[in-house]
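The values are calculated or read from the model by the stated rules, or taken from the named source; none is laboratory data. All figures in this text were calculated on a predicted structure; none of them were measured in a lab. We place every Cβ from the backbone using ideal geometry, glycine too, and count neighbours over all the protein chains shown. Please note that ligands, DNA and RNA were not included when accessible areas were found on the heavy atoms of the full protein model with its side chains. Shrake-Rupley method; radii C 1.70, N 1.55, O 1.52, S 1.80 Å.
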Amino acid sequence: MRPLATALLLVLAGLSGCKGGKGPPPPASGSGTGGAASAQGEADLAYVTTTAPLRREPTDAPKVAGPNPKAQVPNAVALLQRGEKVTVLESREEWARVRASDETAGWMRRSVLLPAAGVVEATLLQPADAFDRPDLLAVNARRKIEPGTLLLVVRSRELFSEISVAGAPNAWVLTDRLSANPREVMVAKLVDKARWLKRSGKADEAKQVLELARKEFPDVGGLVEVLAAELGEPAPGTPPPEGGVAPMPPPAPPPGR
């Protein structure tokens with residue numbers, strides 16, 4: 001297996017057996033469940049809302065002083081993806097010192113962190129309309145939320161849920177469009193990672209993520225094939241073009257004709 005796929009598989013190995021039906025809808029705003037111990041446990045956790053570096057020092061400088069004062073080292077120690085959870089250790093003005101899942105500690109801008117208490121992970125199985133407010137009359141005709149998007153649901157109100165979306169202001173969607181099924185959410189995380197890789201010019205690595213999703217989540221084929229279509233990959237079982245190869249385009253006419 002390729003290195004990227006192996007690393008992602010290790011992250012998901014402990015969760016891949018969680019099969020089950022459609023998850024419960026996001027809790028209504030203000031509903032308290034789980035008890036004081038659970039709330040205390042979530043108090044110091046936060047979601048990374050957009051792909052961002054974990055830094056040695058609370059500065060955007062690309063390099064900082066290392067153990068040897070005469071030598072500088074890269075400030076970034078890791079790149080955290082949207083949807084990762086971190087433990088907040090301390091805050092300092094615009095920065096927070098956090099600990100990632102592998103125990104690496106560093107600094108991130110507070111603007112890219114969302115307190116995890118009460119947040120529900122979800123996704124969409126079909127495109128959904130976005131609303132500027134929790135009212136049908138506030139539909140935003142210029143904005144759609146695509147299937148496979150990793151959503152962080154921050155609160156619910158009547159028929160609507162407010163969601164955090166990467167790189168855009170929060171929006172409202174109809175709650176019954178959301179799925180909190182754990183396996184569908186895990187696929188959404190892979191879709192989100194692959195889309196980021198594609199935008200970063202790493203299409204080959206994005207296709208490795210697609211291979212992992214196909215192997216580990218065959219029961220969530222709909223979302224997996226949404227990603228396959230975006231990456232230009234044929235669905236499994238798609239017959240090759242006649243003759244086994246795509247037809248060659250006609251030759252270009254000579255210059256001047």
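Residues that are at negative phi, of a type in the set (G, A, S) and in contact (Cβ under 8 Å) with a residue 40 or more places away in the chain within the range 107-126 comprise A116, A117, A122, listed in sequence order. Which residue pairs have Cβ atoms closer than 7 Å, lie 6 or more positions apart in sequence or on different chains, and pair a first residue in the range 135-154 that is under 11 Å from A122 (Cβ atoms) with a second residue that is aromatic (F, W, Y) and buried (at least 18 other Cβ atoms within 10 Å of the Cβ)? Pairs found: L152/Y47.
If you go through the range 155-184 and keep only what is open to solvent by 70 Å² or more (accessible area, probe 1.4 Å), assigned to a strand (DSSP E or B) and either free of Cβ contacts under 8 Å to residues at least 12 places away in the same chain or within 16 Å of L114 (Cβ to Cβ) (or both), you end up with just R155. Candidates in the range 117-148 are the residues that are part of a loop (DSSP other than H, G, I, E, B) and touching a Lys or Arg at 6+ places or on another chain (Cβ under 6 Å); of these, the one that is surrounded by the fewest Cβ atoms within 10 Å (Cβ to Cβ) is P127. Entry remark, the range 189-235: residues being of a type in the set (F, W, Y) and under 18 Å from R82 (Cβ atoms) number 1 in total.
For the range 202-210, state whether one or more residues are free of Cβ contacts under 8 Å to residues at least 12 places away in the same chain and in contact with a helix residue (DSSP H, G or I) (Cβ under 9 Å, 6 or more places away or on another chain). There is at least one residue in the range 202-210 that is free of Cβ contacts under 8 Å to residues at least 12 places away in the same chain and in contact with a helix residue (DSSP H, G or I) (Cβ under 9 Å, 6 or more places away or on another chain). Looking for something closer than 22 Å to I145 by Cα, surrounded by 19 or more Cβ atoms within 10 Å (Cβ to Cβ) and in contact with a Leu (Cβ under 8 Å, 6 or more places away or on another chain) - is there at least one such residue anywhere in the range 215-225? Scanning the range 215-225, I find at least one residue that is closer than 22 Å to I145 by Cα, surrounded by 19 or more Cβ atoms within 10 Å (Cβ to Cβ) and in contact with a Leu (Cβ under 8 Å, 6 or more places away or on another chain), so the answer is yes. Does the range 74-90 include one or more residues that are touching a Lys or Arg at 6+ places or on another chain (Cβ under 6 Å) and open to solvent by 80 Å² or more (accessible area, probe 1.4 Å)? No, the range 74-90 contains no residue that is touching a Lys or Arg at 6+ places or on another chain (Cβ under 6 Å) and open to solvent by 80 Å² or more (accessible area, probe 1.4 Å).
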